[in-house]
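The values are calculated or read from the model by the stated rules, or taken from the named source; none is laboratory data. Quick caveat, the model's predicted, so the values are computed rather than measured. Every residue, glycine among them, receives a Cβ derived from its backbone with ideal geometry; neighbour counts consider all protein chains shown.
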Amino acid sequence: MKLGFIGAGFIARFQSVAIEQVRGLEIAGLVRRRGSEALAAFCRSRGLGEAKIYESIDDLARAVDVIGIFVPNYCRIEVTEQIAAAVKAGAPLKGVILEKPLGRNMQEARRLVALAREAKLLTAYFENQVFMRPIRTQREQLEPVMRTMGPPTLTRSAEEHAGPHEPWFWDPTRQGGGVLMDMGCHSIAVGRYALTPPGKDLLFLQPQSVTADIGLLKWGQPQWREKLLKDRGVDYGKTPAEDFATGMITYRNPETGQIVKAQFTDSWMFEKQGLRLFMDGMGPGYAFEVNTLVSPLSVFIGDAAAEAIANQESALEKATASRGLLAVQYNEADLYGYTDENRDMLEAFSAGRDAMLSWEYGLEVQRLVMASYLAAERGRTIDLTDAKVLAELETYVPLIQQGRGGEQLY
Ligand SMILES: NC(=O)c1ccc[n+]([C@@H]2O[C@H](COP(=O)([O-])OP(=O)(O)OC[C@H]3O[C@@H](n4cnc5c(N)ncnc54)[C@H](O)[C@@H]3O)[C@@H](O)[C@H]2O)c1
């Protein structure tokens with residue numbers, strides 16, 4: 001299958017590393033943008049495909065089977081509109097991949113789904129954490145226990161690091177919010193997945209209510225605000241976003257009526273070695289736990305040797321330390337689920353169906369993220385069984401996304 005990339009930044013590079021581990025996928029082309037020359041050179045050097053650089057989305061769409069949309073959140077719609085126009089004009093494209101989050105709010109998310117469906121494209125919503133091997137393996141391992149003792153009743157999911165790499169992520173009007181939009185979507189999706197009884201549909205559990213709380217705990221402080229302005233050009237004195245979010249989503253099992261809960265925690269103010277994904281869950285008589293800062297490999301770099309480390313991220317995504325005892329994950333693309341989400345997409349699109357997580361699935365995650373912003377903004381529990389609340393979420397744009405986060409966070 002010939003894959004084309006739009007976007008040649010952080011995630012496009014990570015996906016290339018993942019695709020090196022997937023048979024049958026070829027990175028055939030990229031659209032010319034910042035970073036495309038370097039990424040194309042990397043792809044060619046690893047034998048991942050021709051990685052030809054095209055001047056327009058239309059040209060790319062005519063040369064590949066599937067397009068991966070790896071662009072910032074604020075230009076998703078414009079890019080997808082161009083893909084849909086290319087298909088309308090005759091490009092023989094099969095499917096499209098979109099990275100999380102689907103949109104910045106429900107209206108954007110619905111527009112994206114409509115564009116793909118009108119163009120008759122197969123869809124894959126890339127939520128890698130649902131594909132993480134540790135998460136998949138615990139479900140396989142515990143399945144007989146779950147069937148005997150009953151399904152999981154509580155999950156807790158967290159993604160935390162010290163803050164994103166590009167200025168646009170920090171700007172809530174372009175990104176759509178702060179850490180709840182950026183990483184809450186991961187934790188909410190994986191929490192629901194891990195809670196779902198074995199053999200049931202991904203959307204089997206029915207959302208009942210959401211409580212959430214957000215804060216600006218580090219990057220709103222004067223010295224950190226100044227650093228952000230200097231390094232990223234974003235002024236959290238004027239347009240702040242949350243650097244911490246936590247919440248609880250309550251679900252109901254429609255067959256048994258049982259109430260189960262998924263708690264999430266996400267932060268951009270995490271003061272440990274680098275990115276940490278932490279998930280745990282339990283049911284009657286059993287439990288699991290995943291912590292990506294625990295690796296079979298650790299290295300030690302003393303003060304005298306620290307200057308020799310040029311690239312801090314060589315050990316771990318978003319690494320913040322380059323000395324001392326460091327955990328090293330030597331295959332992050334696989335650990336975080338990128339390889340298996342590509343495998344799933346390849347298999348599904350080849351068979352003419354949507355990937356396991358379609359854009360409609362992404363829409364369901366989007367709704368829960370929006371409900372979490374609303375819960376935090378109003379300071380009350382959001383009832384997801386109330387038709388009026390669901391209607392309100394369809395047009396809701398969080399204060400933070402509007403650039404009015406100061407009213408909520410300070
Ligand atoms: N699943 C994950 O863990 C994960 C991790 C990081 C990013 N992401 C998602 O991937 C997306 C991209 O993030 P990133 O970190 O790679 O960002 P980035 O800023 O590193 O890269 C963005 C790329 O898009 C290009 N671009 C910008 N505007 C464009 C346009 N209008 N048309 C075509 N190309 C354009 C840029 O030149 C750049 O090459 C985001 O939506 C983000 O949420 C997901």
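List of remarks:
- Within the range 273-294, being more than 12 Å from Pro134 (Cβ to Cβ) and more than 18 Å from the chain's Cα centre (by Cα) holds for Gln273, Met282, Gly283, Pro284, Gly285, Tyr286, Ala287, Leu293.
- From the list Gly233, Gly220, Gly237, Gly257, the lone residue that is small (Gly, Ala, Ser), touching a helix residue (DSSP H, G or I) at 6+ places or on another chain (Cβ under 8 Å) and on the phi > 0 side of the Ramachandran plot is Gly233.
- Those residues of the range 1-32 which are within 11 Å of the ligand (Cβ to nearest atom) and either at pLDDT below 95 or part of a strand (DSSP E or B) (or both), in sequence order: Phe5, Ile6, Leu30, Val31
- Test: residue in the range 225-239 that is under 29 Å from Arg139 (Cα atoms) and in contact (Cβ under 8 Å) with a residue 40 or more places away in the chain: no
- Close Cβ contacts (under 7 Å, 6 or more residues apart or on different chains) running from residues in the range 123-142 that are over 13 Å from Met356 (Cβ atoms) to residues that are among the hydroxyl-bearing types (Ser, Thr, Tyr) comprise Met132/Tyr336; Leu142/Tyr286.
- Residues that are in contact (Cβ under 8 Å) with a residue 60 or more places away in the chain and not hydrophobic (A, V, I, L, M, F, W, C) within the range 240-271 comprise Pro240, Glu242, Asp243, Gly247, Asn253, Gln258, Lys261, Gln263, Thr265, Asp266, Ser267, Glu271, listed in sequence order.
- In the range 332-373, the residues that are without any contact (Cβ under 8 Å) to a residue 40 or more places away in the chain and not acidic (Asp, Glu): Ala351
- Enumeration of residues in the range 114-128 that are in contact with a Gly (Cβ under 6 Å, 6 or more places away or on another chain) and within 15 Å of the ligand (Cβ to nearest atom): Tyr125, Asn128
- Within the range 180-195, residues that are over 12 Å from Leu368 (Cβ atoms) reach partners that are away from the ligand (no atom under 14 Å from the Cβ) and of a type outside the set (A, V, I, L, M) with beta carbons closer than 6 Å, at six or more positions or on different chains, in the pairs Ala194/Thr155; Ala194/Gly281; Leu195/Pro152; Leu195/Thr155.
- Listing of helices (runs of 4 or more DSSP H) fully contained in the range 99-178 that carry 2 or more residues being buried (at least 23 other Cβ atoms within 10 Å of the Cβ) and of a type in the set (Phe, Trp, Tyr): 167-170
- Of all residues in the range 80-100, one or more are touching a helix residue (DSSP H, G or I) at 6+ places or on another chain (Cβ under 9 Å), charged (D, E, K, R) and more than 13 Å from the ligand (Cβ to nearest atom).
- Where a residue in the range 149-174 is under 22 Å from Trp268 (Cβ atoms) and its partner, wherever it lies, is basic (Lys, Arg) and within 11 Å of the ligand (Cβ to nearest atom), with Cβ under 6 Å and at least six apart: His161/Lys318; Trp168/Arg174
- In the set Asp182, Asp171, Asp201, only one residue is among the acidic types (Asp, Glu), away from the ligand (no atom under 15 Å from the Cβ) and at pLDDT 95 or above; that residue is Asp201.
- Pick from the range 33-45, criterion buried (at least 18 other Cβ atoms within 10 Å of the Cβ) and within 12 Å of the ligand (Cβ to nearest atom), ranking: nearest to Asp58 (Cα to Cα): Ser36
- Every test in (1) closer than 23 Å to Thr395 by Cβ; (2) touching a Ser or Thr at 6+ places or on another chain (Cβ under 9 Å) is passed by His186 save one, and that test is (1).
- Set Glu364, Glu341, Glu313, Glu317: member being part of a helix (DSSP H, G or I), under 20 Å from Glu159 (Cα atoms) and modelled with pLDDT under 95: Glu313
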